[in-house]
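To start, the structure itself, in structure tokens.
Rule-based calculations on the coordinates, nothing more; no lab input. Remember, predicted model here, so these are calculated numbers, not experimental data. When we count neighbours, we look across all protein chains shown, and the Cβ atoms used for this are built from the backbone with ideal geometry, even at glycine.
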Amino acid sequence: MNHRLTPKTAFLLTLAPLLWAGNAIVGRLVHEAVPPILLNFLRWAIALLILLPLAGPVFRRDGPVWPHWRSFALLGLLGIGIYNALQYLALQSSTPINVTLVASGMPVWMMLTGWMFFGVKVSRRQVAGAVLSIAGVLLVLARGEWGHLLELRLVAGDIFMILATIAWSLYSWLLTRTKLPDEIRASWAGFLAAQVAFGVVWSGAFAAGEWAVSSAQVHWSWTLAAALAYVAIGPAVIAFRCWGAGVQQAGPSVGAFFTNLTPLFAALMSSAFLGEAPHGYHLAAFALIVGGIVVSSRR
């Protein structure tokens, strides 16, 4: 497939990180109200209910999903069952900014995954772009002072997020390399619903295991209800639609650089909730991240 980055594709790949940054903020806000694995299951169960009216025909007995159920089961496991569950688990012990910053290693994992499993060559330009983008997120992490990086300490949540990032890299490559009928790829709702349906089964099984081995309870409130509505509609349905369309147009390697906008958006949102104004280093970090995207996507 001939990948290229257009303004429309760039918009799609920017909107997804913005919504995912909000997902990290909301996940942290409700981390004491609902167990993380159960939160992931509820999020995607609601998303599936939203998608079914738009994609019901793909699940008919003679529909295009069932001959390829193994592929959709794998996509659902990696992109929905594992990645999102590990992210919410990470937010139990880490902050939204740290979680999204750890995920900023996505370009590196994406290049390694493509090289190791899909025979994709890594160019010097892609390496240079990765360095620029990662420098941008490190600048945010250091709060404008490089010496602050020496104070960084990884916690359990950071480890969970590293594992989540690896799972997402595999998911993104499989999203474009798995052979699926054009009939189902042509319908974004059907394509996403097929993944979500299997992802809900995985996340439901994981949530049942969590419930069996822990004493965590759900503390229902209007705040939790609003949070579930947001994570199901924004970061789930809308963001996945944007990411899927953007990655198929620009390719997984270029798309990975746009995920580095997530920690920048998370930092700005965290500052807004704390009443702190953005700093100059946020602008510098944005310039580095965008520079990495431009360098890596040039032919």
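Quick notes
- Per-residue ellipticity at 222 nm computed for the chain from its helices equals -22500 deg cm²/dmol, with DSSP H segments shorter than 4 residues left out and the rest contributing -39,500 (n - 2.57).
- Estimated distance in nm for a label pair at Glu183 and Arg61, the labels positioned 7 Å out from Cα along Cα-to-Cβ: 1.5
- Cα gyration tensor shape for the chain, rounded if a/c is under 1.5, else prolate or oblate: oblate
- Gap separating the Cα centres of region 51-86 and region 88-139, nearest whole Å: 26
- By the combined test of axial Cα extent (at least 18 Å) and Kyte-Doolittle hydropathy (mean at least 0.5), the qualifying DSSP H helices of the chain come to 7-29, 36-55, 124-141, 156-177, 188-213, 261-274, 280-297.
- Extension gain from Ser123 to Ser214, taking 0.36 nm per residue of separation minus the Cα-Cα distance: 28.1 nm
- Packing, taken as the mean count of other beta carbons within 10 Å per residue, orders the peptides 18-31, 61-74 from highest to lowest as 18-31, 61-74.
- Per DSSP, loop trypsin sites (Lys or Arg not before Pro) in region 162-239 with at most 11 further Cβ within 10 Å: Lys179
- Cα shape, region 185-299, gyration tensor, a/c 1.5 rule: oblate
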